[in-house]
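Please read the structure below before turning to the comments.
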Amino acid sequence: MIKTSPLLWGLFCLLMPVLANASDHSPVSAILEAVEAFVHEQGRDLPGRVSIKSSRLDSRRTHQSCQQLEAFLPVGGRVWGRFSVGIRCLDASSWTLYVPVEIEVIAPIAHAARPIRKGKLVHSDDISMHETDLVRLPQDILNDAEQAVGKMATSSIAAGQPLRQRHLRAPHVITRGQKVQLTVTGPGFTVSTEGDALTSAASGEMVQVRNSAGRIISGIARADGSVEVRP
């Protein structure tokens, strides 16, 4: 058994924090720190909490130290899901490598609290908010319950399913075949007549109406079921 003098042991203990600090600032850790800082800076405007799930380095490059690192996003890249962050060394050694990164973006998303049948108007108690990784969801996902309240389901939605814009639409205020009031408004005049709706429409949507003379007119459906025609 090798004996160590108290003096040498004390000196070793003093050096341990210095050695650990040097290890913490190895080329590998310096590159990963640059990647992490870049990802969080680029993702600050994303609609959720960004965290890095994984990142790995090209082992052929990680032994090269650098005093001045610059991170960049390759042409055509975007900070979303799986992508690469470029790291270039601005020292005399001048090298560039690419670090594959995978991130998650966690945000509260509207889910169906219970089964919602096709044609049902959605109420606030039909919706529950759950934090979800946006990267794994379609782009038309709803992150606000108010975006769904008062809308009509265009298909059956299972309990726990994330709500998408394609699942919902504004309810029709005019249905095909309905008698509607046509109002034509111009400078200094307003004319009203009756017609038959040829299409269904939600408030604010275009609708076609056949007037009493048989002429087909396009107008804007209003919330009260009337149609506004602009000359």
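As I understand it, the dipole of the chain uses +1 on the Cβ of Lys and Arg and -1 on the Cβ of Asp and Glu, about the Cα centre. Which of GLY214, GLY77, ALA148 lies farthest toward its positive end?
GLY214
Show the residues, 5+ positions off or on another chain, whose built amide H is closer than 5 Å to the amide H of LYS151.
VAL122
Probe of 1.4 angstrom, ligands and nucleic acids ignored: what's the accessible area per residue over the range 123-176, in square angstrom?
58
Can you give the % of DSSP beta bridges in the chain that are antiparallel, to the nearest 5?
Taking every DSSP beta bridge within the chain, about 95 percent pair in antiparallel fashion.
Rank SER212, SER200 by accessible area, highest first, at a 1.4 Å probe radius?
The ordering from most to least exposed comes out as SER212, SER200.
When the solvent-accessible surface of protein heavy atoms is calculated with a 1.4 angstrom probe, in what order do MET206, MET152, MET129 fall, highest first?
Sorted by accessible area, descending: MET206, MET129, MET152.
With the full set of protein chains in place, find how many percent of the accessible area of the chain is carbon and sulfur; take the probe as 1.4 Å.
Roughly 53 percent, rounded to a whole number.
Using a 10 angstrom Cβ neighbour count of at most 15 plus a DSSP loop assignment to flag exposed trypsin sites (Lys or Arg not before Pro), which longest range of the chain is free of such sites?
121-175
Residue by residue, what Karplus-based ³J(HN,Hα) values in Hz, rounded to whole numbers, does the range 42-49 have, using 6.51, -1.76 and 1.60 with θ = phi - 60° and x for Gly and Pro?
After applying 6.51 cos²θ - 1.76 cosθ + 1.60, I find 5, x, 5, 9, 6, x, x, 8 Hz.
Mean separation of Cα pairs under 8 Å and 6+ residues apart, divided by the residue count of the range 115-231: what relative contact order is that in percent?
Normalised by residue count, the contact order of the range 115-231 is 20 percent.
Which residue, VAL184, VAL85, VAL75, has the most motion in a Gaussian network model of the chain that connects Cα atoms within less than 10 Å?
Residue with maximal mean-square fluctuation among VAL184, VAL85, VAL75: VAL75.
Compute the length gained on full extension between GLU228 and LYS118: take 0.36 nm times their separation in residues and subtract their Cα-Cα distance, giving the result in nm to one decimal.
Difference between extended and current length: 36.6 nm.
Given the range 30-117, what whole percent of its Cα pairs are spread farther than 18 Å?
49
Across the chain, how many lysine pairs, 8 or more apart or on two chains, come within less than 25 Å at their alpha-carbon atoms?
The result is 4.
Between Rg and the Kirkwood Rh of the range 109-188, both from Cα atoms, what is the Rg to Rh ratio?
With Rh from the inverse mean 1/r over Cα pairs, Rg/Rh is 1.17.
Given +1 on the Cβ of Lys and Arg, -1 on the Cβ of Asp and Glu, and no further charges, what dipole in debye does the chain carry about its Cα centre, rounded to the nearest 20?
860
By the gyration tensor of its Cα atoms, with a ≥ b ≥ c the square roots of the eigenvalues, what is the shape of the range 83-145: rounded for a/c under 1.5, prolate for a/b over b/c, or oblate?
Prolate shape, in that a/c is at least 1.5 and a/b is the bigger ratio.
log10 I(q)/I(0), Debye, Cα-only the range 85-228, no solvent, q = 0.16, 0.17 Å⁻¹?
Log-scaled intensity ratios, in q order: -0.87, -0.92.
Hey, got the Cα dimensions of the range 163-205 along the principal axes, in Å, largest first?
The Cα atoms of the range 163-205 stretch 46, 24, 11 Å along their principal axes.
The values are calculated or read from the model by the stated rules, or taken from the named source; none is laboratory data. Because the structure is predicted, anything quoted here is derived from the model rather than measured. Reconstructed Cβ throughout: ideal geometry from the backbone, glycine too, with neighbour counts over all protein chains shown. Surface areas here come from the heavy atoms of the whole protein model, side chains and all, with no ligands, DNA or RNA. Shrake-Rupley method; radii C 1.70, N 1.55, O 1.52, S 1.80 Å.
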